[in-house]
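Structure first, then comments.
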Amino acid sequence: MPDLPELGEAIKRGDRDTATKLTQEAIDGSIPAQEILDVMVSSMDVVGQKFQNNEIFVPEMLIAARAMKEAMGLLEPILVEAGITPVAQAVSGTVEGDAPEFGKHHGALRGKVANFELLDARTDVSPA
């Protein structure tokens with residue numbers, strides 16, 4: 001049986017290998033994609049809260065976001081295959097000179113959960 005709580009912990013730790021392995025196991029174990037996604041998103045919520053409380057800092061946030069992003073790469077095709085189509089489009093990016101990508105990644109994941117098609121403006125985008 002796939003271990004979803006451990007998937008959440010792997011994401012919080014930023015353990016990309018374990019996060020992708022457990023995501024694949026959950027997919028192979030026929031766990032609904034929404035259930036897997038809920039675990040991922042709630043884990044990133046914890047990471048965001050820890051950052052707000054100064055319990056972790058930007059490097060730890062970025063490491064967790066990268067683990068989530070890699071695991072999501074396995075899950076996204078399943079969501080598409082299920083026929084889930086976007087309700088709207090949104091643009092995601094970071095402004096020139098703003099270092100943290102966590103907010104961009106976290107916001108993009110939230111948008112995907114809310115069924116938005118995301119257009120990635122990338123990072124370090126000029127205000128003009």
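The values are calculated or read from the model by the stated rules, or taken from the named source; none is laboratory data. Note that the structure is predicted; figures quoted are calculated from it, not measured. Note that we place each Cβ from the backbone using ideal geometry, even for glycine, and neighbour counts take in every protein chain shown. In case anyone asks, the SASA skips ligands and DNA or RNA and just uses the protein heavy atoms, side chains included. Shrake-Rupley method; radii C 1.70, N 1.55, O 1.52, S 1.80 Å.
Observations on the model:
- Residue in the stretch 80-95 that is more than 24 Å from ARG122 (Cα to Cα) and open to solvent by less than 80 Å² (accessible area, probe 1.4 Å) present: yes
- Residue pairs whose Cβ atoms lie under 6 Å apart, sitting 6 or more positions apart in sequence or on different chains, and linking a residue in the stretch 44-56 that is touching a residue at least 60 places away in the same chain (Cβ under 8 Å) to a partner that is in a helix (DSSP H, G or I) and crowded, with 16+ Cβ neighbours inside 10 Å, are MET44/MET68; MET44/HIS106.
- Among all positions in the stretch 56-69, there is no residue which is of a type in the set (Val, Ile, Thr), assigned to a helix (DSSP H, G or I), open to solvent by 30 Å² or more (accessible area, probe 1.4 Å) and modelled with pLDDT of 95 or more.
- Put simply, of ALA19, ALA26, ALA10 the only residue that is assigned to a helix (DSSP H, G or I), under 20 Å from ALA82 (Cβ atoms) and of a type in the set (A, V, I, L, M, F, W, C) is ALA26.
- Any chance GLY29 is modelled with pLDDT under 85, of a type outside the set (Phe, Trp, Tyr), more than 27 Å from VAL125 (Cβ to Cβ) and exposed (fewer than 14 other Cβ atoms within 10 Å of the Cβ): no
- Answer from ALA82, ALA67, ALA90 - the residue that is in contact (Cβ under 8 Å) with a residue 40 or more places away in the chain and under 19 Å from PHE116 (Cα atoms): ALA82
- Some residue of the stretch 47-55 being open to solvent by less than 70 Å² (accessible area, probe 1.4 Å) and assigned to a helix (DSSP H, G or I): yes
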